[in-house]
Every structure is written in C-alpha cells, then in structure tokens.
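What follows draws every value from the coordinates through simple rules; no lab data is involved. Computed from a prediction, not measured in an experiment: that's the story for all the values here. For neighbour counting, all protein chains shown are included, and Cβ atoms are generated from backbone atoms with ideal geometry for every residue, glycine included.
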Amino acid sequence: MYCREEKFLSISERRSQPLFFSSSTTDVFSSLPPSPSPRQLHQAHAKLVVLGHSSRRSPVAHLLSRCALLPPSLLPAAYCLSLYSRLDRPSAFASNNLLRCLARGPAPRAAVLSYRAARLAGVPTNNYTYPFLLSACGKHPPLPSEGRQVHAHVVKLAFSRDLFVRNALISFYAACRDMGSAETVFEERPDVRDVVSWNSLLVGYARAGEIRVAEDLFDRMPVRDAVSWSSLMVGYVEKGVPEKGLRRFREMVERGVAVNEAALVTALSASAQLGLIECGRFVHATMERLGFRMTLGVGTALVDMYAKCGCIEISRRVFEDLPRRDVFAWNAMLCGLATHGLGKDALDLYRRFIDGGLRPTSVTFIGVLNACSRAGLVDEGRMHFRSMVQDYGIQPEMEHYGCIVDLLGRAGLVSEALELIEGMTIVPDPVLWGTLLGACKIHGLAELGETIGKKLIELEPAHDGHYVLLSGIYAKARKWEDVVKVRKLMTNRGTNKVPGWSLIEAHGEVHKFVAGDREHEQSPEIYERIGMIESRLAEAGYLPDTSQVLHDIGDEEKVLAVKQHSERLAIAFGLMVIEEGHPVRIVKNLRVCGDCHEFSKMVSKVFEREIIVRDGSRFHHFKEGNCSCLDYW
DNA sequence: GTAGGGTTAG
C-alpha cells in the first residue's frame, strides 16, 4: 500500500511529503512475513529510516527482536549492533534483543561486552536479560568466568527467583561441564523447577558421558517431554552405545511420545553409525507414518544414514528431493559419494554447489579431497587443496592433510607426501603418520616404512595397529626375523589387539561375528558353507594370499587364520540367509585384508552376488569380480 | 519478548 501510493508521487512531491505520512510503524512490521529474510528486514529498516523512526526505541527494538529470530547463519550481528547504536537511551527490551542477537551470532562473547557497556551506560536490565546473556556464556567454547560473574549479578539484583533465569544458569553450568554447580542451582530451589530444569541437568550429564546419572535423572523426572527422551538418546550415542539410543527411540515411539526432530536426527545418526540399514529404514518409516514433515535437519540425517548404510542411490534420491539444501546437506552428500568411491560424481556435485553460490566449509573440502583421492585425481586434489586456502581462506586441518597424504600415497608419491607432512604448520598426529605408513606398505617401501613405523610405535606404544602395520611391511619384504621381533615387542608391551568383528543384518536381527567365531548357533553350517565357497572359488582359480597374515606361523595355519576372518563368516552367512538378488551388506570395524578383499571379489563373480562392505574408513562394492575401491584402500 | 535437544568429517 505504502509503495503503491509512492509510485504516483513525483520527486518534488515526495520531498514535500511529511516523513511520517504513514503515521504508524505498525504498518512496517505488519507487512513482514512470519519469518522474514535479512533482505526483508533491511527493507523494514529502510522504511523506518524514511519515516524518521530509525532512532526511536520501540520500533528499533522491535526490528532487533525480528533479527534475533533469524537462523544463526543469516544473523547479521554487526548490523544489529549498528541498529542499536542509534538509540540514545536504550530500553531493557532493546538491549535484551541485542543480547539475544549477539548470543546466537558467531561471536557470543560480544553479548558479554555489550552487557558490560549497557550496565555502565545505566541501561536497565530485567529478568529477560539473563537467559540471553547466560546462553551466550554457555555457547561453544563456554565462557565460565564471565558466566559466574553474571550469576553474581543475578543474585545481587534479585533475579534468582525467576524460573527462566534459574534454568539458564543450570544450562550454563552444564555447558561448562561444571555439574556440581549445575546441581547446586537445581537443588537450591526445588519449588522453582520445571521440565526444562530437569532436561538441562540431564543434558549436562549426558554430554559429560555420565550416562548412568542421566538415566537415573530420567527415571526420577516427574514429567518427561520429547526433549528429555532425545537428550537421553544423545547421551547414549555420544557414549558410543548407539544401539541403546535406538532402543530408547523405539520405546519413545511405542509409548506415543510426540517424536521431535532431534529424536529423529539422533536415531538416524545412531543407525548411520552402526551401519544398520534396517534400523535406519525403521526410523524413516516411522517418520513417514507419523506424517512428520521433511526438514533440513532430518533430510541431512537421512542422506547421511543411507550413505553410511551402503545405499548411496537412495541417499542421492533423498538429497535431490530435498526442498531446500544448506551446506550441511551438501556436505553430507559430498562425503557420502566420496566414501563410496564415487569421486567423479562427488566432484560434479561440488561444481553444482559452487555454481549455486554457496560457500564451502572445511568439511566440504574433506569431501572434495577425499573424492580426489578415491578417484586418483592427483592434480585436481592439489588444486582444490590450494583453492581451499587461497580462495576460501580455510586453513587446512589434520583431516585435510590426511586426505592429501592419502591422495599422494595412493598415487605412489610418498616422498611428496612426506615433504608435505614435514612442512606442516600444525604438529602431525599419529593418524597422519599411519596414513603414510599404509602407503609405504602398499608400495613396498620397506625402508621408509620401517622409519615411520618405529617412530609411530615410539609415539603410541600402546596402539597395536602400528605394530601390525610394521610387521606387515616386514612380512611383505619377507624379513621374517623382524616380523617376529615386532610381534614379540607387541606381546611384551601388552598392547591389546582390537578384535575384528563384522555385522550383518538379516530379517530384523543383527548377527555379529569375530574371527574364528564358533558362537553363532548356525556355526557348523557357516563353516561348511565356507568350505563349499572355497572349493567353488578354487575351481575358478582363486589362490589365497597369506602375505598379509601377520602371524609368525606356518603357511597352513596362515591360510586357516585368513579363512576365519570375521567378514568371511559374515559373507558365508549372508549367502545362506539373504534372498537371491539382494546384496549382502556387511559392516566391519577394521580394514579389509588383501586376501579377504580378493575373496569377496571372487565371491561376487562366482556366486553372482553383490557384496557391500563398510570397513573402518570406506565402502567396498564388490560386483562381478571387481571392487569400487579399484583395489586401493 | 525468555530457558533445554539434533545433522556434515575422523
């Protein structure tokens, strides 16, 4: 309406119009949609300027309150500060809304500084001030000493009876991992408590890894809501027991608790971690059954879950069907394609992402570099590594170096990789040296491998993987005495060899196998099946390669040790119980050994069955005698 | 006009 009127006015007429011709500012705000974009807020601001209201307390505070609701990525903290700075005598409302903007913005510490300035300028505070301020102090990384000072103000200014303030205090202490203080605030006033108080404490314990305490709180809660359930689930997932989180999700659904986005995302993340597609499908189906509308968060978690459960095509479809995509969604898809060895597709996706005008993050480059590595695109990888720093100002982190070392190592450029490591600005971690050591083993560089292996053992003497890799390098060079020496060293030092296991899902049940396992109730049939598979493979000309069996034992025993690797048991079981035409999906914790890799390729050919293995770091799609990793992993 | 939960990588 305002604009239409203006169209008919000449410039001179416009000048002659009183600035307040649209007498109220309510029009400016009532024309805004429920969730305005930054651009629409700027337009509202422009209207206030035209109306001559840009220094008036109430409309500016109103505008700030709308800014504070923007998603954090769009929150213009500097702009909010400039809006606020136009005010002569800011109200508590205006100041609170500035605090709210700053607390949600990229630099929450600014909220503390702004509060200090407001106190000095005599701006009044009220009970709304402290929740915003304490939330700023509890953001990552937390500001413990600032928050404690705020707590002192709360007490001094007599706001400590306020439920919202108390809850914000509990959350703040929980974020600082100071559960003692969180508990004190919680216990101090049992009459000023609600479900949020309980949840805040619960989250604190869950994040601190004190899952038993969290469970106990959960059981004692007088009222539980969806946040209570999802917070407990997060605790399990963070504690490394995603299966318990999934169990809670099922329980939550069975009890008819209204499922929320966080519960869905956490349950999907748990399924993704476990690689259990049937669990993931259950969560997806539950979501659809309940008519939960697709959100960015759930969409991203679905893309990630399907990718991590080996269903990269479904993952792609979910991604393409998303109504909106943010950088998290793109990153999930990109990284998914890369771990599946679809390097070319990942790079095409990255192109689309950049052409769409989005800004990559450091995780985006982990995906891109990984993709280059998997596709063997050395020059392209080097180019993106440079572009990351030069075009986007992202400093390489350990993971980026990891991808590049992997890329160079795979291409046999081990000395270039070594040079890169030596020139790093951050101290290379053992994982990085381990990546290089892996490259030495693959390319048979015994001397360099020996140096790095010894160095690694020195760095992490309790880590069995280093001894295993080094003895593998010796074994490949047929230096048997050294193999024995390293193995003895390993035993003497009492390192615990991480036992290898493989999981396979069949008809709603999860079956777990460890090497040489005879626990499974169908063990006799499984071993019989392995024998049968082997004779079929032998007819097809397959010879076991025992060079990677890192035992100082005789050849015959070596063959036996390889034969009983956990994924073989899982594959044999899979061939027994998974219907024909369906792929056999296996999840294992360690990397696949060379012989099992060869074995899987042959099985996929001879038995015309697709086998999808998720190992410790990537996927192997075995089909018609080939593997998607192109035999480098 | 307030406080509590989740997603990408390794």
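Using θ = phi - 60° in the Karplus curve 6.51 cos²θ - 1.76 cosθ + 1.60, the 3J(HN,Hα) couplings for the range A:306-312 round to 4, 5, 6, 9, x, 9, 5 Hz; x is entered for Gly and Pro. Between residue A:321 and residue A:493, the simple spin-label model (points 7 angstrom out along Cα→Cβ) gives 5.1 nm. Near the amide H of residue A:501, within less than 5 Å, lie the amide hydrogens of A:589, A:590, all on another chain or at least 5 residues away, with H placed in the peptide plane. Could you grab the relative contact order for the range A:316-430? Cα pairs under 8 Å, six or more apart, rounded to a whole percent. Result for the range A:316-430 is 22 percent.
For trypsin sites (Lys or Arg not before Pro), the sites in the range A:175-230 that DSSP calls loop and that have at most 16 other Cβ atoms within 10 Å are A:177.
Computing FRET efficiency as 1/(1 + (r/R0)^6) for residue A:623 and residue A:91, where r is the C-beta to C-beta distance and R0 is 45 Å, gives about 0.10. Applying the criteria of a DSSP loop state and at most 14 other Cβ atoms within 10 Å to the trypsin sites (Lys or Arg not before Pro) of the range A:459-509 yields A:478, A:493, A:497. Counting every other Cβ atom within 10 Å of each residue's Cβ, A:437, A:157, A:322 order from fewest to most as A:157, A:322, A:437.
Within the range A:183-202, whose backbone N sits under 17 Å from a point 7 Å along Cα→Cβ of residue A:225? Inside the label zone: A:192-202.
Take the Cβ atoms of residue A:120 and residue A:258, set R0 to 45 Å, and the FRET efficiency comes out at 0.50.
Sum up the lysine pairs in the range A:435-520 that clear both bars: alpha-carbon distance under 25 Å and a spacing of 8 or more or different chains. Within the range A:435-520, the lysine pair count is 25. Extension gain for the segment residue A:177 to residue A:57, taken as residue separation times 0.36 nm less the Cα-Cα distance, is 39.4 nm to one decimal.
Extension gain, residue A:184 to residue A:152: 0.36 nm times the residue separation minus the Cα-Cα distance gives 10.1 nm.
Full extension of the chain between residue A:35 and residue A:361 gives 114.8 nm of extra length, using 0.36 nm per residue less the Cα-Cα distance.
Report, in degrees rounded to the nearest 10, the 0 to 90 angle that the Cα long axis of helix A:261-274 makes with the longest principal axis of chain A. Between helix and principal axis, roughly 20 degrees. Relative to one another, the C-alpha centroids of the range A:131-154 and the range A:498-512 are positioned 46 Å apart. State whether the range A:350-445 is rounded, prolate or oblate according to the following rule on the C-alpha gyration tensor (a ≥ b ≥ c being the square roots of its eigenvalues): a/c under 1.5 gives rounded; otherwise a/b larger than b/c gives prolate, and the remaining case gives oblate. Prolate.
Along the range A:73-84 the Karplus relation, 6.51 cos²θ - 1.76 cosθ + 1.60 evaluated at θ = phi - 60°, assigns HN-Hα couplings of 5, 9, 6, x, 4, 5, 5, 4, 4, 5, 4, 5 Hz to successive residues, with x for each Gly and Pro.
Calculate for chain A the 222 nm mean residue ellipticity that helices alone would give, adding -39,500 (n - 2.57) per DSSP H run of length 4 or more and normalising by residue count, nearest 500 deg cm²/dmol.
-19500 deg cm²/dmol
Loop-located GluC sites (Glu not before Pro) across the range A:375-440 with a Cβ neighbour count of 15 or fewer within 10 Å are A:397, with loop assigned by DSSP.
Please work out the FRET efficiency for the pair residue A:212 and residue A:419, using the Cβ-Cβ distance as r and a Förster radius of 41 Å; give the result to the nearest 0.05.
Once rounded, the FRET efficiency stands at 0.25.
Distance from the Cα centroid of the range A:296-313 to that of the range A:434-458 is 35 Å (rounded to whole angstrom). Annotation for residue A:247 and residue A:576: the two label points, set 7 Å from Cα along the Cα-Cβ direction, are 2.6 nm apart. Calculated over chain A, the projected area of the Cα convex hull averaged across directions stands at 35.2 nm².
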